[in-house]
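The values are calculated or read from the model by the stated rules, or taken from the named source; none is laboratory data. Please read all numbers here as calculations on a predicted model, not as lab measurements. Don't worry about glycine lacking a Cβ; one is built from the backbone with ideal geometry, like all the others, and counts go over all protein chains shown.
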Amino acid sequence: MVAAAQSVTGKEDLVIFPNPVSDKLTIRKFAHTSTIDISIYNILGEKIYAAPDFNLDPIDCKLLSSGLYFLEVKIAAKVFRVKFSKE
């Protein structure tokens, strides 16, 4: 399967890649706004990762089991959610 970038567009532009991920998940924010908070949820809706005041370093996904996950990105009062998979 080929890894792809996924664009999440709103007032703030985000790109999340690669999807599916094997080692590192990268988030790029193009609009200059306040800090962002991220969370990762498993398929059951359980929060398994949280990073308040996230600094846009790649997220280490090596310890995640293969499967489907949900990434939640909070920027100011906006919340973006996107699915990603772990190989």
Handout entry: Single match in Ile48, Ile59, Ile43 (criterion: among the aliphatic types (A, V, I, L, M) and in contact with a Lys or Arg (Cβ under 9 Å, 6 or more places away or on another chain))
Key = Ile59
Exercise for the section: Hey, could you check region 25-50 for residues that are part of a strand (DSSP E or B) and polar (S, T, N, Q) and say which is nearest to Ala77 (Cα to Cα)? Expected result: Ser39
Exercise for the section: Give me a count of the residues in region 60-87 that are acidic (Asp, Glu) and either over 16 Å from Asn19 (Cα atoms) or outside any strand (DSSP E or B) (or both). Expected result: 1
Handout entry: Single unsatisfied condition, Val8 versus (1) in a strand (DSSP E or B); (2) modelled with pLDDT of 95 or more
Key = (2)
Exercise for the section: Kindly indicate whether Lys78 is closer than 14 Å to Ile27 by Cβ and modelled with pLDDT under 95. Expected result: no
Exercise for the section: Would you please list the contacts, defined by Cβ atoms under 9 Å and residues six or more apart or on different chains, that run from a residue in region 28-55 that is on the phi > 0 side of the Ramachandran plot to a residue that is surrounded by 13 or more Cβ atoms within 10 Å (Cβ to Cβ) and assigned to a loop (DSSP other than H, G, I, E, B)? Expected result: Asp53/Thr35
Fill in the blank from the handout: Taking region 11-42 and the residues there that are among the hydrophobic types (A, V, I, L, M, F, W, C) and under 11 Å from Leu71 (Cα atoms), the one that is modelled with the lowest pLDDT would be Ile27
